[in-house]
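Undergrad: The structure's right below; bear with me while I get my questions together.
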Amino acid sequence: MTRPAAVTWRCGAFSGRVAPRTAVFTLLTLAVLVAVSGLALYSGHYPLTVAEMSAILFQRADETADIVIWYHRLPRLLVGIGAGAAFGVSGALIQDMLRNPLASPDVVGFSAGAATGALFTVMLTGSSFWVLPGAMAGGVLSAALVLLLAWNKGLSSARLVLIGLALSLFLMALVDIMMARLDLLTAADIMKWLVGAFPSPEWSDVALIFGALITLGPFALWQGFALKRMALGDDIATALGLNVSRVRLKILFLSVGLTACAVSVAGPLPFVAFAANPIARRLSAASGACNGSPLLGAAAVGACLTVMADLVCRSLPIGADLPTGIFTAMIGAPLLVWQLTLEIRKGAL
Amino acid sequence: MKTAAYPLSAGGLTLTRPVGPVLDELGLAVPRGKISVVIGPNACGKSTLLRCLARLLRPDQGEVLLEGDPIDRQKPKQVARQLAILPQNSTVPEYLRVFDLVARGRTPWQSPLSQWSRADALAVERALALAGVEAYSLRPLSELSGGQRQRAFIAMILAQDAPILLLDEPTTFLDLPHQIELLDLVRKLNRESGKTVVMVLHDINLAARFADHVFALKDGKVNREGAPADVVTEATMRQIFALDCLVIPDPLHGCPHVIPR
Ligand SMILES: Nc1ncnc2c1ncn2[C@@H]1O[C@H](COP(=O)(O)OP(=O)(O)O)[C@@H](O)[C@H]1O
Ligand SMILES: [Mg+2]
């Protein structure tokens, strides 16, 4: 047999090919996401039966339970799904483009840049309208800075990570200075947001993050085609007809844009962007095989991770107020250490 | 489409590296439908020349014309449909399977919405068979020998289906029988499908045997060019490689055969 197993579809000028394992994996992850979402809606301090819950979801009633679902649990769940998916795609884009598993927006300081930018503009203007533009500007600036400083005839993992770390520390100091002017209560809220938290999001936040996914997502999937070819190295990618620098620029902007949107609704949640793509790859074997986009898998895994972390954070008996980011860090940090060990063993650091 | 006199040509190519000028106002015109071989001593700039011709490197000065038009002013995808290159050392992800690598060769004919047309499937099957890699098409590159990997790459650029092929030392990692087999394949592609081939070979005897046209590089310029019988001579070998040798007609193939003294 010379052909790998694949599901091929053709329809007029359109055609594609997906490895069965990739398709099954993506569907399974979506199923897990649905299950976890149900659990997230169901569990909480205000007890609800399944029957009550579905009644509220499908025919609105004017009760406390209605408020709990429609104004607390559902927006929070949706922001978790949206931000997680955006972080997942954003991480996969940069990691695959730079062929470097350590180069995710949260590890190399893009998320921190977006957060600082958002905070800075909000404080300057006093209006939350400017969160997103501020996050975008901060994200783009920090990305440009990190890549500029780390570039030395190519990007080495070590330089990228260390410079990203240095930038993150510097930005944290900057944030501390900015926060010294605030009263304690606001400062405490902002601190929590800076770890990554979305305790009581508005429906406008839901609209923002899903708006971002709907507008930027298709472009990201479109670039997924080029992204797979970029894995072959600049020479072969060019030889196969890609405009490598232009593809890089587009992917960078998409990734920073998705990060900025996710950060503006959920704060710089650590490690979701870092972990989603490698997990999706390992489980779906989508790395090289076939044409199924690995981005969808990364989005699904990112959403799952975020919703699970948020669920754990809400369900703990003691810390009702711990930020979600603490739990994504507890999943992600060991993965980062493991990845670093792998890179060191490979001699890449 | 209008037909230029030469499918691929270059003029005034100049490229300076820290070591000094590598290409120095080099000009060359590749004959259509022939096998051209570039020879020259190590580090004389053969790979650099091939990379410039395939727009993988931008020269400091000078211009490359593909079918008469400047190559860097044409759409990258259109260029890739006309010209395929096998660079000298390519590092690709080790987990990639041969089949997937070969399928990537179809990129210039694909788009995000059409990633596996019937033509793609056919071209990949044909390339796998031609390059003789069917037997291990499902193995990852990391499990292959150097020679098997080289053939997988050949299959990739065959799948690209371009009329012009640039090959940088395609015989590295191959033992002698496989070198001959590969060059026979190149010749077959040239004779049967009319492909224009430009390749770098370091073995002068193989170059003399398989070339229709030889470019001998020295000091960043094409020093001599022409049919093997005119270029592979004792005088040229001394001048280009500083090699003291005897050149006799190959008793089997009639081409010049170099015997170093
Ligand atoms: N990326 C590079 N940076 C600096 N010097 C280079 C680079 N690539 C090639 N060179 C130099 O250019 C010269 C020509 O190299 P090359 O074209 O690879 O030679 P060859 O004829 O053996 O293929 C060599 O002296 C080499 O050291
Ligand atoms: Mg070379």
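Undergrad: Considering only residues of the stretch B:27-48 that are out of contact with any helix residue (DSSP H, G or I) (no Cβ under 7 Å at 6 or more places or on another chain) and within 15 Å of ligand 1 (Cβ to nearest atom), which is nearest to the other protein chains (Cβ to nearest Cβ)?
TA: B:SER47
Undergrad: Hey, another quick one. Just give me the residues in the stretch B:74-96 being modelled with pLDDT under 95, more than 16 Å from ligand 1 (Cβ to nearest atom) and not aliphatic (A, V, I, L, M), in sequence order.
TA: B:PRO93, B:GLU94, B:TYR95
Undergrad: When you look at B:GLN150, is it polar (S, T, N, Q), out of contact with any helix residue (DSSP H, G or I) (no Cβ under 7 Å at 6 or more places or on another chain) and more than 16 Å from ligand 1 (Cβ to nearest atom), yes or no? Full working, then the answer.
TA: Details: polar (S, T, N, Q): yes; out of contact with any helix residue (DSSP H, G or I) (no Cβ under 7 Å at 6 or more places or on another chain): yes; more than 16 Å from ligand 1 (Cβ to nearest atom): yes.
In short, yes.
Undergrad: Now, a different point. Looking only at the stretch B:156-200, filter to residues that are at negative phi, within 15 Å of ligand 2 (Cβ to nearest atom) and out of contact with any Pro (no Cβ under 8 Å at 6 or more places or on another chain); which one of those is nearest to the other protein chains (Cβ to nearest Cβ)? Spell out the reasoning first.
TA: Quick first cut of the stretch B:156-200, residues at negative phi only: B:156-160, B:162-168, B:170-172, B:174-193, B:195-200.
Now restrict to residues that are within 15 Å of ligand 2 (Cβ to nearest atom): B:166-168, B:170-172, B:198-200.
Next, only the ones that are out of contact with any Pro (no Cβ under 8 Å at 6 or more places or on another chain) stay: B:166-167, B:170-172, B:198, B:200.
Details: B:LEU166: 9, B:LEU167: 12, B:PRO170: 14, B:THR171: 19, B:THR172: 16, B:VAL198: 14, B:VAL200: 15 Å.
Among residues in the stretch B:156-200 that are at negative phi, within 15 Å of ligand 2 (Cβ to nearest atom) and out of contact with any Pro (no Cβ under 8 Å at 6 or more places or on another chain), the one nearest to the other protein chains (Cβ to nearest Cβ) is B:LEU166.
Undergrad: Is it fair to say B:ALA211 is modelled with pLDDT of 95 or more, away from chain A (no Cβ under 14 Å), over 22 Å from B:ILE154 (Cα atoms) and away from ligand 2 (no atom under 16 Å from the Cβ)?
TA: On the way: modelled with pLDDT of 95 or more: yes; away from chain A (no Cβ under 14 Å): yes; over 22 Å from B:ILE154 (Cα atoms): no; away from ligand 2 (no atom under 16 Å from the Cβ): yes.
Judged against the criteria, B:ALA211 is not a match.
Undergrad: Having 1 or more residues that are surrounded by fewer than 19 Cβ atoms within 10 Å (Cβ to Cβ) is the bar; report the helices (runs of 4 or more DSSP H) wholly within the stretch B:23-117 that clear it. Can you show your working first?
TA: Working: elements: B:46-53, B:76-82, B:98-104.
Filter on the stretch B:23-117 gives B:76-82.
Undergrad: Moving on to the next point. Can you say whether B:ARG51 is within 11 Å of chain A (Cβ to nearest Cβ) and either of a type in the set (D, E, K, R) or on the phi > 0 side of the Ramachandran plot (or both), as far as the supplied structure shows? Before you say what the answer is, go through the steps one by one.
TA: Numbers: within 11 Å of chain A (Cβ to nearest Cβ): yes; either of a type in the set (D, E, K, R) or on the phi > 0 side of the Ramachandran plot (or both): yes.
So B:ARG51 fits the description; yes.
Undergrad: Okay, moving on. Restricting the search to the stretch B:82-100, which residues are facing chain A (nearest Cβ under 7 Å) and charged (D, E, K, R)?
TA: B:ARG97, B:ASP100
Undergrad: Here's another thing I want to ask about it. Tell me which residues, restricted to the stretch B:123-138, are surrounded by fewer than 20 Cβ atoms within 10 Å (Cβ to Cβ) and not in a helix (DSSP H, G or I).
TA: B:GLY132, B:LEU138
Undergrad: Also, I was wondering about something else. Among (1) in contact with a His (Cβ under 8 Å, 6 or more places away or on another chain); (2) in a loop (DSSP other than H, G, I, E, B), there is one condition B:THR3 misses while meeting the rest; what is its number?
TA: Only one criterion in (1) in contact with a His (Cβ under 8 Å, 6 or more places away or on another chain); (2) in a loop (DSSP other than H, G, I, E, B) is unmet by B:THR3, namely (1).
Undergrad: Something else now. Inspect the stretch A:7-23 for any residue being among the hydrophobic types (A, V, I, L, M, F, W, C), buried (at least 19 other Cβ atoms within 10 Å of the Cβ) and in contact (Cβ under 8 Å) with a residue 24 or more places away in the chain and give the result as yes or no.
TA: As a first pass, look at the stretch A:7-23 and keep what is among the hydrophobic types (A, V, I, L, M, F, W, C): A:7, A:9, A:11, A:13-14, A:18-19, A:23.
If we keep only those that are buried (at least 19 other Cβ atoms within 10 Å of the Cβ) too, we end up with A:18-19.
When the remaining residues are screened for being in contact (Cβ under 8 Å) with a residue 24 or more places away in the chain, the result is A:18-19.
Checked the stretch A:7-23: at least one residue is among the hydrophobic types (A, V, I, L, M, F, W, C), buried (at least 19 other Cβ atoms within 10 Å of the Cβ) and in contact (Cβ under 8 Å) with a residue 24 or more places away in the chain.
Undergrad: Specify which of the listed residues (B:ASP219, B:ASP203) is within 16 Å of ligand 1 (Cβ to nearest atom), at positive phi and either of a type in the set (S, T, N, Q) or open to solvent by 20 Å² or more (accessible area, probe 1.4 Å) (or both). Give the derivation first.
TA: Numbers: B:ASP203 fails: at positive phi.
Answer to the check: B:ASP219.
Undergrad: Taking the conditions exactly as written (surrounded by fewer than 20 Cβ atoms within 10 Å (Cβ to Cβ), in a helix (DSSP H, G or I) and away from chain B (no Cβ under 14 Å)), does A:PHE210 satisfy them or not? Can you show your working first?
TA: Values: surrounded by fewer than 20 Cβ atoms within 10 Å (Cβ to Cβ): yes; in a helix (DSSP H, G or I): yes; away from chain B (no Cβ under 14 Å): yes.
Judged against the criteria, A:PHE210 is a match.
Undergrad: Quick check on my filter: what residues within the stretch A:213-227 are in contact with a helix residue (DSSP H, G or I) (Cβ under 8 Å, 6 or more places away or on another chain) and either within 26 Å of B:PRO87 (Cα to Cα) or at the interface with chain B (Cβ under 7 Å from one of its Cβ atoms) (or both)? Lay out the reasoning, then the answer.
TA: Applying the first criterion (in contact with a helix residue (DSSP H, G or I) (Cβ under 8 Å, 6 or more places away or on another chain)) to the stretch A:213-227 yields A:213, A:216-217, A:219-221, A:223-224, A:226-227.
Of everything in the stretch A:213-227, those that are in contact with a helix residue (DSSP H, G or I) (Cβ under 8 Å, 6 or more places away or on another chain) and either within 26 Å of B:PRO87 (Cα to Cα) or at the interface with chain B (Cβ under 7 Å from one of its Cβ atoms) (or both) turn out to be A:GLN223, A:GLY224, A:ALA226, A:LEU227.
Undergrad: May I pose another question? What pairs come up if the first residue lies in the stretch B:101-117 and is at the interface with chain A (Cβ under 7 Å from one of its Cβ atoms), the second is surrounded by fewer than 23 Cβ atoms within 10 Å (Cβ to Cβ) and among the β-branched types (Val, Ile, Thr), and their beta carbons are under 8 Å apart, counting only those six or more places apart or on different chains?
TA: Listed by first residue and then by second, the contacts come to B:TRP116/A:THR8.
Undergrad: Further question on the same structure: Could you grab me the full set of residues in the stretch B:9-22 that are within 16 Å of ligand 2 (Cβ to nearest atom) and either under 18 Å from the mean Cα position of the chain (by Cα) or within 14 Å of another protein chain (Cβ to nearest Cβ) (or both)?
TA: B:ARG17, the sole residue that qualifies.
Undergrad: Given the residues A:LEU33, A:LEU28, A:LEU41, which is the only one that is surrounded by 12 or more Cβ atoms within 10 Å (Cβ to Cβ), more than 10 Å from every other protein chain (Cβ to nearest Cβ), without any contact (Cβ under 8 Å) to a residue 12 or more places away in the chain and not in a loop (DSSP other than H, G, I, E, B)?
TA: Values: A:LEU33 fails: without any contact (Cβ under 8 Å) to a residue 12 or more places away in the chain; A:LEU41 fails: without any contact (Cβ under 8 Å) to a residue 12 or more places away in the chain.
None of the others qualify; the one that does is A:LEU28.
Undergrad: A further question follows. Are there any pairs, at least 6 apart or on different chains, whose C-beta atoms fall under 7 Å, with the first in the stretch B:139-157 and assigned to a helix (DSSP H, G or I) and the second aromatic (Phe, Trp, Tyr), and if so, which?
TA: Short answer, once both residue conditions are applied: B:SER142/B:TYR95; B:GLY146/B:PHE173; B:GLY147/B:PHE173; B:GLN148/B:TYR136; B:GLN150/B:PHE173.
Undergrad: Right, something else. Of the residues that sit in the stretch B:162-175 and are in contact (Cβ under 8 Å) with a residue 60 or more places away in the chain, assigned to a loop (DSSP other than H, G, I, E, B) and closer than 24 Å to B:ALA43 by Cα, which one is most open to solvent (accessible area, probe 1.4 Å)? Quick ask: steps written out before the conclusion?
TA: Of the stretch B:162-175, the ones in contact (Cβ under 8 Å) with a residue 60 or more places away in the chain are B:162-170, B:172.
Subsequent filtering for residues that are assigned to a loop (DSSP other than H, G, I, E, B) retains B:162-163, B:169-170, B:172.
Then keep just the ones that are closer than 24 Å to B:ALA43 by Cα; that gives B:169-170, B:172.
Working: B:GLU169: 21, B:PRO170: 0, B:THR172: 40 Å².
My answer is B:THR172.
Undergrad: Any residue in the stretch A:46-53 that is modelled with pLDDT of 85 or more, open to solvent by 10 Å² or more (accessible area, probe 1.4 Å) and either more than 14 Å from every other protein chain (Cβ to nearest Cβ) or in a helix (DSSP H, G or I) (or both)?
TA: Filtering the stretch A:46-53 down to residues modelled with pLDDT of 85 or more leaves none.
No: zero hits.
The values are calculated or read from the model by the stated rules, or taken from the named source; none is laboratory data. Quick caveat: nothing in here was measured; it's all calculated off a predicted structure. With ideal geometry, Cβ positions are generated from the backbone for all residues, glycine too; neighbour counts draw on all protein chains shown. Keep in mind that these areas ignore ligands, DNA and RNA; they rest on the heavy atoms of the full protein, side chains included. Shrake-Rupley method; radii C 1.70, N 1.55, O 1.52, S 1.80 Å.
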